[in-house]
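Written out below as structure tokens is the structure these notes cover.
Just so it is clear, none of the values below were taken in a lab; they were calculated from the coordinates. Note that the structure is predicted; figures quoted are calculated from it, not measured. Neighbour counts are summed over all protein chains in view; Cβ atoms, including those assigned to glycine, are modelled from backbone coordinates with ideal geometry.
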Amino acid sequence: MKLAKGKVPAETLKRIVFRRLGVERNDVLLGPALGEDGSVVKIGKEILVSSMDPITGALERIGWLAVNINANDVATFGVPPIFFSSCILLPEDSTEDIVDKITSQIDKAAKNLDISVIGGHTEVTPGLDRPIIIGYAMGIAKDGRYVTSGGAHAGDKLILTKGAGIEGTAILASEAHNYLKEMIDENILQSAMKFYDDISVVKDAILAFNIGGVTAMHDPTEGGVAGGIHEIADASGLGVKIFEERILIARETYEICNLLSIDPMQLIGSGALLISANPERTDGIVERLKKERIKAEVIGEFLDNPQERLLVRANGRVEKLVRPLSDHIWIALERSGVKF
């Protein structure tokens, strides 16, 4: 079976990848699982949370993204990320300038999040036509406290911060700028490119976790908000009902997605955070996030039946919540003539 661009399908992971995990160890508290973007291991008296992700679909601010995307995954456990390492792979025509640019971005992003860069590897790799960075972030759970994507319960409310398609909006406004500028106002594109500044969910996640009442968190990356919702439901073994009219979509995102005929719900969504919360604590979490100028809305709730994954349209029509086969960033880049 030929695989689509982006994440390998869940069925492939279950059938092939998850059956080959080396030796079982009691100190692995959370290993590879559907919907989980990190691991949890016990080292002595400490609990270490870590996550690894590549940056493959962007050139602009690639180093910035590598730090923030991986830091986000650790933060969704309710754990502040404190260490970062990276493997930087460069095409054969690279110069020292690209090394300087990428590492400068990594340094700035790490300092913004109070993270130490502890190592990595940098090389020129035959066969590449653009840089690729694989990042790895780590954090230590204070007092051993953390949540996972699989901790949601039926009846929990689902909160979304910031909105859909944040990272995808920034990538498209940057990488497909020459195509989009002929049809979208330049002011909108310039504003969209600044969405890179909203990629981090570390503040959102740690704040929500410390308020209390959070049962699970997940950041919607590839597959967008729709994919992220499925992943948290998969990990928790639940169904979910989502209300379309409550999902935040910025004007910049709407304009770009509308022009390229893609779904903002299926557009890579780093910068947003999905939070499952006890119904009695939900309003308090939303109010506190808004007090800190973080947009947040309750967009739905979790259901007992894992087969019920529902989207209630603005007109009241109920549909199945789409499960993305491939992130719409790839469709959009192809339609705008960007070569990968």
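Couple of notes before you dig in:
- Once the convex hull of all Cα atoms in the stretch 41-109 is built, its volume per residue stands at 104 Å³.
- Taking every alpha-carbon pair in the stretch 249-340 and binning the separations at 5 Å intervals from zero gives 2, 10, 15, 19, 20, 16, 11, 5, 2, 0 percent.
- Residue of LYS108, LYS45, LYS290 that the Gaussian network model of the chain assigns the largest fluctuation, springs spanning Cα pairs under 10 Å: LYS45
- DSSP bridge pairs, the chain: antiparallel proportion in percent, nearest 5: 75 percent
- Here the convex hull built on the C-alpha positions of the chain has a volume of 151 cubic angstrom per residue.
- Computed [θ] at 222 nm, deg cm²/dmol, the chain (DSSP H ≥ 4; -39,500 (n - 2.57); rounded to nearest 500): -10000 deg cm²/dmol
- Relative contact order (%) - criterion: Cα under 8 Å, at least six apart; region: the chain: 22 percent
- Total formal charge among the other residues, if their Cβ is under 12 angstrom from that of ASN315, Lys/Arg +1 and Asp/Glu -1: -1
- If you look at the Cα atoms of the stretch 37-174, you get an Rg and a Dmax of 16.6, 54 Å.
- Computed over the stretch 162-233, Kirkwood Rh from alpha-carbon pairs, angstrom: 13.9 Å
- For the stretch 175-207 and the stretch 101-141, distance of Cα centres in Å: 21 Å
- Estimated Rh, the stretch 149-335: Kirkwood, alpha-carbon pairs, angstrom: 16.5 Å
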